[in-house]
Amino acid sequence: EGSMGDYFASMTWYSVALAKHHLGDPEGAVDAFNEGLAAPAVTQYLDRTRLLAGLASALVDTGDLERAETILIEADDFLAPQNFHAHDAHLALSKGLLATARGEDGTESLATARSLADEAGLRWVGLQVAWAMAALDPTFQDDARRRAADISAGIIDEALRSSFLSRWSDPAKAST
């Protein structure tokens, strides 16, 4: 509670939701993304696209593809009058994941997400995109492993770095 809690609420819920999603709890991630969208926060409009994109990705993993599509339409509608593109990579990633889950070709959206993530220096999003692309085409596994190694170089604690690499360098463990 209070002004700082209100300020960071949507960002905090995004982080909680992302952790839940990557730890294999997409239903918990859906709940946390919804909390972030409902949180009264100064940054809620800046975070809205990223929260909607994350929600859509979590919904894809729960199998609720129809709702994921509705959420992505809402994100597009929200962005239409805005000139704010900080989270376009997140949105393109979610669109690619949805298309892939439907059995459609999501490579164009994923390639767009990779380019946008690289241009913006969003290494974490770039890693997620790389593994999504590697799931479609194993030739992208080297790129995903390279991205994981680049990110891990900044992890000082050896046990944490090893744990990170164990998960994000192995296609069987990596997830978006």
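Charges on Cβ only, +1 for Lys and Arg, -1 for Asp and Glu, centred on the Cα centroid of the stretch 22-66; of Ala29, Thr49, Leu65, which one is farthest towards the dipole's positive end?
Of the options given, the answer is Thr49.
Could you go through the stretch 47-54 in sequence order and give the Karplus-derived ³J(HN,Hα) for each residue, using 6.51 cos²θ - 1.76 cosθ + 1.60 with θ = phi - 60°, rounded to whole Hz, and x for Gly and Pro?
Coupling constants for the stretch 47-54: 8, 4, 4, 5, 5, 5, 5, x Hz.
Counting other Cβ atoms within 10 Å of each Cβ, which trypsin sites (Lys or Arg not before Pro) in the stretch 63-157 have at most 15 and sit in a DSSP loop?
In loop regions of the stretch 63-157 (DSSP not H, G, I, E or B), the sparsely surrounded trypsin sites (Lys or Arg not before Pro) are Arg102.
Note down the nm distance, to one decimal, between modelled labels 7 Å out along Cα→Cβ at Thr139 and at Glu104.
Simple spin-label model gives 2.5 nm for this pair.
Please give the calculated 222 nm ellipticity per residue for the chain, where each DSSP H segment of at least 4 residues contributes -39500 (n - 2.57) and the sum is spread over every residue; nearest 500 deg cm²/dmol?
So the calculated ellipticity at 222 nm is -24500 deg cm²/dmol.
Taking neighbour Cβ counts within 10 Å as the exposure measure, how do Val125, Val16 sort from fewest upward?
Arranged by neighbour count, lowest to highest, Val125, Val16 become Val16, Val125.
Would you mind finding the longest exposed-site-free stretch of the chain, with exposed GluC sites (Glu not before Pro) meaning DSSP loop and at most 16 other Cβ atoms within 10 Å?
After excluding every exposed loop site, the longest remaining stretch is 2-103.
Given just the C-alpha atoms of the stretch 103-161, how large is their convex hull per residue in cubic angstrom?
81
Magnitude of the Cβ-charge dipole of the chain, K/R +1 and D/E -1, about the Cα centre, nearest 20 debye?
460
Only the coordinates and a few stated rules stand behind these numbers; no lab work does. These numbers come from a predicted model, not from an experiment. Cβ sites come from the backbone with ideal geometry, for glycine too, and all protein chains shown count toward neighbours.
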